[in-house]
Amino acid sequence: MVTTATTPRRRPLVAKGETPTTAMLELRDIHHSYELGAGTLPILHGVDLRVDRGEVVAIVGRSGSGKSTLLHLAGGLNAPDRGDVLLDGTSLSSMGARGRAIARRQRIGFVFQAFHLLPGLDVIENVAMPLLLNGESRQRAKERARPLLIAVGLDRRADHLPSELSGGELQRAAIARALVADPALVLADEPTGNLDSATAEDIIHLLVSRVRDAGVAMLLVTHDPSIAARADRVLTMADGQLA
Ligand code: ADP
Ligand code: MG
């Protein structure tokens, strides 16, 4: 059973004449290519995007259009050739690799299609991992992980290994892990890509409602229009740009 509470989505209210609040994520004129043996493969040609607190933005587009590339750049896993990524108003490129790694650990939650749980750790340890990496004690980290496990309906799987879970359960664990450190931004790359459609519906409902409840900004990449329809806005990646 997945237990979720739904609340109306929050948007920053900006009075007339007031400056809008800083976006949680802002992409400014992002360009990116890959260097191949045979030459350069251009992928992104000037992507601009703002995602506010409590807002869910979906990016759709065909395979190979650059959606994952954009998500990696947004999360500071990679640096763009040109342009800038701002997290809560701070430029990632001004942070350096170490600063970006800290920002990722403390402020960003990732949910990937392939879950990426550590096979040797049980479910609660996997969920607690971001807190352990942030220097919390093992006991405290598990205490904080527990309510997240309950929220995603996995409390009774806490001491199971990932190999003992179904695909939907693995993805729920990955969602709990992405949210455990109270991130400001969640980046989800095809989070339902490995799930059957009923489970996918369940997972996306869980993810979107948890993110909205926590007032977190989310960028959600999917090729599935029915999944994208759960977002506040849907943008299409085509020819290296978002429309
Ligand atoms: P999407 O997520 O929309 O399917 P990607 O961002 O993964 O697209 O990939 C965009 C294009 O860049 C694809 O043609 C892919 O083959 C290529 N690509 C992705 N990652 C790399 C890489 N590390 N090196 C070279 N080419 C890459
Ligand atoms: Mg992809």
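Please give the strands (runs of 3 or more DSSP E) falling wholly within the stretch 134-243 in which 2 or more residues are of a type in the set (Ser, Thr, Tyr) and buried (at least 23 other Cβ atoms within 10 Å of the Cβ).
Qualifying strands (runs of 3 or more DSSP E): none found.
Given the structure, is Arg100 buried (at least 18 other Cβ atoms within 10 Å of the Cβ) and modelled with pLDDT under 95?
yes
Just the residues that are within 23 Å of Val216 (Cα to Cα), of a type in the set (S, T, N, Q) and either within 16 Å of ligand 2 (Cβ to nearest atom) or at pLDDT 90 or above (or both), please, taken from the stretch 14-57.
Residues satisfying the conditions do not exist here.
Can you find a residue that is over 12 Å from the mean Cα position of the chain (by Cα), charged (D, E, K, R), modelled with pLDDT of 95 or more and away from ligand 2 (no atom under 16 Å from the Cβ) anywhere in the stretch 58-80?
no
Could you say whether any residue in the stretch 198-218 is within 16 Å of ligand 1 (Cβ to nearest atom) and within 16 Å of Phe112 (Cα to Cα)?
No: zero hits.
Let me spell it out: the conditions are (1) under 19 Å from Val56 (Cβ atoms); (2) modelled with pLDDT under 95, and Asn194 meets all of them except one. Which number is the exception?
The single condition Asn194 does not satisfy is (1).
Which of the residues spanning the stretch 68-82 are surrounded by fewer than 21 Cβ atoms within 10 Å (Cβ to Cβ), out of contact with any helix residue (DSSP H, G or I) (no Cβ under 7 Å at 6 or more places or on another chain) and not in a strand (DSSP E or B)?
Passing the criteria: Ser68, His72, Leu77, Asp81.
Just to be sure before I move on: is His45 within 15 Å of ligand 1 (Cβ to nearest atom) and surrounded by fewer than 22 Cβ atoms within 10 Å (Cβ to Cβ) in the structure I sent?
When the stated conditions are applied, His45 passes them.
So, Val85, is that one surrounded by 21 or more Cβ atoms within 10 Å (Cβ to Cβ) and at pLDDT 95 or above or not? Spell out how you get there, then give the answer.
Values: surrounded by 21 or more Cβ atoms within 10 Å (Cβ to Cβ): yes; at pLDDT 95 or above: yes.
Considered against the rule, which asks whether it is surrounded by 21 or more Cβ atoms within 10 Å (Cβ to Cβ) and at pLDDT 95 or above, Val85 comes out as yes.
What single numbered condition from (1) of a type outside the set (A, V, I, L, M); (2) more than 16 Å from ligand 1 (Cβ to nearest atom); (3) free of Cβ contacts under 8 Å to residues at least 12 places away in the same chain fails to hold for Glu35?
Unmet for Glu35, out of (1) of a type outside the set (A, V, I, L, M); (2) more than 16 Å from ligand 1 (Cβ to nearest atom); (3) free of Cβ contacts under 8 Å to residues at least 12 places away in the same chain: (2).
Hey, can you tell me all the residues within the stretch 105-121 that are at negative phi, assigned to a loop (DSSP other than H, G, I, E, B) and surrounded by fewer than 18 Cβ atoms within 10 Å (Cβ to Cβ)?
Ala114, Leu118, Pro119, Gly120, Leu121
Go through the stretch 48-75 and report how many residues are away from ligand 1 (no atom under 16 Å from the Cβ) and touching a Lys or Arg at 6+ places or on another chain (Cβ under 8 Å).
So the first thing to find is which residues in the stretch 48-75 are away from ligand 1 (no atom under 16 Å from the Cβ), and the list is 48, 50-56.
After this cut, where a residue has to be touching a Lys or Arg at 6+ places or on another chain (Cβ under 8 Å) as well, the list is 48, 52-56.
Residues that pass the stated criteria total 6.
Let me spell it out: the conditions are (1) within 16 Å of ligand 1 (Cβ to nearest atom); (2) more than 26 Å from Leu25 (Cα to Cα); (3) modelled with pLDDT of 95 or more, and Asp122 meets all of them except one. Which number is the exception?
Every listed condition holds for Asp122 apart from (1).
Filter the stretch 84-97 for residues that are assigned to a strand (DSSP E or B) and more than 16 Å from ligand 1 (Cβ to nearest atom); which is nearest to Arg28 (Cα to Cα)?
Asp84
The values are calculated or read from the model by the stated rules, or taken from the named source; none is laboratory data. Every value quoted in this text rests on a predicted model; they were computed, and no experiment measured them. Every residue, glycine among them, receives a Cβ derived from its backbone with ideal geometry; neighbour counts consider all protein chains shown.
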